[in-house]
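A.B. asks: Starting off with a structure, shown below.
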Amino acid sequence: MIKLNDIHVYYGGIHAIKGISIEVEKGSVVSLIGANGAGKSTTLRAIMSLEKPKEGSITYKDKDITYEKTRELVKNGLVLVPEGRHVFTNLTVEENLILGAYLRKDNDKVKEDIKWVYELFPRLLERKEQLAGTMSGGEQQMLAVARALMSKPELLLMDEPSLGLAPLIVKDIFEIIKKINSLGVTILLIEQNAKVALEISDYAYVMETGKIVLEGKGKELLNDENVKKAYLGA
Amino acid sequence: MSYEIFLQHLSNGIALGSLYALIAIGYTMVYGILRLINFAHGDIFMIATYVMFYGVTMFFMPWGVAVVVAILLTGALGILVERLAYRPLRNSPRISVMISAIGASYLIENLSIVIFGGRPKAFPIPEFFNHVSHIGSISIPRANFFIPVITVVALIVLLYIVNKTKTGMAMRAVSKDYEAARLMGINVDNIISITFGMGSMLAAVGGVMWGIKYPNLIPLLGLMPGLKAFIAAVIGGIGNIKGAVLGGFLLGMSEIMIIAFLPSLTGYRDAFAFILLIAILLFKPDGLLGKNVTEKV
């Protein structure tokens, strides 16, 4: 579904991503694990055109999207749930959802979808008139995911959905990710919490200092000695 | 002071306050979205009065048509200023954009002196507004009734757009978080243009009414009202539309009242606005309706 070909990204003089290639099959859950500063977020940002790769290409549904505008990508079913949630704290929950569907013109369908995400996240329904900034971290994360779903994504990119959340809520979030995937949405996920991520992943890549150092099926990496040592704390 | 004279001043205060409020909204909207003080805003307001003048005297437009043209052209000018002076500096330090704003202001003022000439011109006032109502012993020019009404209507329309429409939601989203807005597919540059356009159109509405009350047009006429409206926006809590309106009314009203009650201080009229600003900021540094924002990490 999406394919990154030897991508290089620089921040000024710093070579943040040094030629990575990733492929995500339609319908799968793929995760990108690695330590802080490995370049995981930058990879997702490059996909969404928030950073411009200096070399390499990105193809999505067999089309080159390396330098496509972010809003064109959103229109074509790519969406990113950013690290740190970034919900619009000064808007209500419902307004956040409406903006998630900003580019959609099918207003009736959007209304139905709002109902649908409320079914998926009943907590959000209770708080629909509340300002997003007044909710807890876990609720904001749910809102960030719900907002992304409102754009009708085919490929959902998620940057650290478990960041700063209590273990029980992390479990909830990953249940939801599985559910979303079962509805046919392809998922590319970044996680520091390698264990939970690998458990639900069909395939995974391990990143270190801007490079892919290891890749394989989720279950295999879960049992890999190196991964265990470095990321699973075994 | 008799009750009648007080009412007379009250009506003047409301009218002046409305005008400050209309201009202040433009400052506050732009600040809300770009964290920039648009120093050219007072000059954009001035241009509206000259468009009216030339529209009526040179192109013989009916007054109402000239108003529409002035509002549209002024809106376009606001968008143009943003395109040329601010957008190229989007990723520059804030101080650079501020200097560019000051430059834009001087450029418009001085170009206007060259193009329009420095000699005062008379704002075209239609017959309709020459009427003065006499209620008991007080006399109220018709403009004093219309100015607050038009201000309130403009404000209702604006608040509807900002709070109820998708574009308004996008404006609020952009003001909070550029990047997240971009991730929703929002065209951030367009939303910023719309914000400048709307702020400038409100300034144009203010300009037309300003001309009716103070028909003496000079290219620097935007300076003082611009500065005062900026103060009004800060008093109310910059970034907050209702705050700008509150600040505008407060400033206009107190300016008129200080002269009314203490006529010997008339010469300090403008200084008073600044004193009020300092006094309010000493007690409420974020302005009257400004929120004390605590960043959650």
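A.B. asks: Can you run phi through the Karplus equation (6.51, -1.76, 1.60; θ = phi - 60°) for the stretch A:172-180 and list ³J(HN,Hα) in whole Hz, with x for Gly and Pro?
C.D. replies: Per residue, the Karplus-derived 3J(HN,Hα) values read 4, 4, 6, 4, 5, 4, 4, 5, 4 Hz.
A.B. asks: Could you tell me whether the stretch A:118-167 comes out rounded, prolate or oblate from its Cα gyration tensor? Rule is a ≥ b ≥ c as square roots of the eigenvalues, rounded for a/c under 1.5, then prolate if a/b exceeds b/c, otherwise oblate. Display every interim value, and only then the final one.
C.D. replies: On the way: a/c = 1.99, a/b = 1.14, b/c = 1.75.
Oblate, since a/c reaches 1.5 and b/c is not below a/b.
A.B. asks: For the stretch A:1-81, report the convex hull volume of the alpha-carbon atoms normalised per residue, in Å³, without decimals.
C.D. replies: On the way: hull volume 7.6 nm³, N = 81.
Per-residue hull volume (Cα only) is 94 Å³.
A.B. asks: Sorted from largest down, what three extents in whole angstroms do the Cα atoms of the protein assembly as shown have along their principal axes?
C.D. replies: 93, 46, 44
A.B. asks: If I take every Cα pair under 8 Å that is 6 or more residues apart in chain A, average their sequence separation and divide by the length, what percent do I get for the relative contact order?
C.D. replies: Numbers: 448 pairs, mean separation 64.7, N = 234.
Here the relative contact order equals 28 percent.
A.B. asks: Taking just the C-alpha trace of the stretch A:102-226, give me its Rg and Dmax in Å.
C.D. replies: 16.2, 52
A.B. asks: So, one more: Could you tell me which of A:100, A:136, A:116 has its Cα farthest along the dipole of the stretch A:87-152 towards the positive end, charges placed at Cβ (Lys, Arg +1; Asp, Glu -1), taken about the Cα centre?
C.D. replies: The residue sitting most towards the positive pole is A:100.
A.B. asks: How many percent of DSSP beta bridges within chain A run antiparallel, rounded to 5? List each step's numbers first, then the result.
C.D. replies: Values: 22 of 41 bridges.
Here the share of antiparallel DSSP bridges comes out near 55 percent.
A.B. asks: A further question on this structure: Among the listed pairs B:176/B:228; A:26/B:166; A:75/B:166; A:54/A:229; A:3/A:111; A:128/A:152, give every one whose C-alpha distance is greater than 22 Å. Show your work: numbers first, answer last.
C.D. replies: Working: B:176/B:228 27 Å; A:26/B:166 32 Å; A:75/B:166 17 Å; A:54/A:229 34 Å; A:3/A:111 33 Å; A:128/A:152 20 Å.
Checking Cα-Cα distances, B:176/B:228; A:26/B:166; A:54/A:229; A:3/A:111 exceed 22 Å.
A.B. asks: Check residue A:80: other-chain or 5+ apart residues with amide H under 5 Å from its amide H, H built from backbone geometry?
C.D. replies: Result for residue A:80 returns A:157.
A.B. asks: Hey, another quick one. Based on DSSP, what percent of beta bridges with both residues in the protein assembly as shown are antiparallel, to the nearest 5? Could the numbers behind the result be given before it?
C.D. replies: Values: 28 of 47 bridges.
Expressed as a percentage, antiparallel bridges in the protein assembly as shown total about 60.
A.B. asks: Helix B:241-261 against the longest principal axis of chain B: what's the angle in degrees, Cα atoms only, rounded to the nearest 10?
C.D. replies: 30 degrees
A.B. asks: If you take the charge dipole of chain B about its Cα centre, with +1 on Lys and Arg Cβ and -1 on Asp and Glu Cβ, which of B:211, B:145, B:170 is farthest toward its positive end?
C.D. replies: Going by the charge dipole, the pick is B:170.
A.B. asks: Give me the percent relative contact order of chain B, please, defined on Cα pairs under 8 angstrom at least 6 residues apart.
C.D. replies: Working: 465 pairs, mean separation 106.7, N = 297.
36 percent.
A.B. asks: Looking at the stretch B:92-238, what % of the alpha carbon pairs are farther apart than 20 Å? Show your work: numbers first, answer last.
C.D. replies: On the way: 6908 of 10731 pairs.
So the portion of pairs separated by more than 20 Å is 64 percent.
A.B. asks: Can you put B:87, A:85 in order, fewest other beta carbons within 10 Å first?
C.D. replies: Starting with the residue having the fewest Cβ neighbours, the order is B:87, A:85.
A.B. asks: Classify the stretch A:87-152: rounded, prolate or oblate, from the alpha-carbon gyration tensor (a ≥ b ≥ c, eigenvalue square roots; a/c under 1.5 rounded; otherwise prolate if a/b is larger than b/c)?
C.D. replies: Numbers: a/c = 1.90, a/b = 1.54, b/c = 1.23.
Prolate is the answer for the stretch A:87-152, as a/c is 1.5 or above and a/b outweighs b/c.
A.B. asks: Moving to a separate point now. Sort A:10, B:106 so the one with the fewest other Cβ atoms within 10 Å of its own Cβ comes first.
C.D. replies: Working: A:10 16, B:106 12.
The order, fewest Cβ neighbours first, is B:106, A:10.
A.B. asks: Spelling out what I want: for every residue of the stretch B:193-200, take phi, set θ = phi - 60°, compute 6.51 cos²θ - 1.76 cosθ + 1.60 (Karplus), and round to whole Hz; glycine and proline get x.
C.D. replies: So the J values, rounded to whole Hz, are 4, 4, 4, 5, x, 5, x, 6.
None of the figures in this text is laboratory data; all of them are computed from the coordinates on show. Worth saying up front: this structure is predicted, and the values here are computed from it rather than measured. Neighbour counts are summed over all protein chains in view; Cβ atoms, including those assigned to glycine, are modelled from backbone coordinates with ideal geometry.
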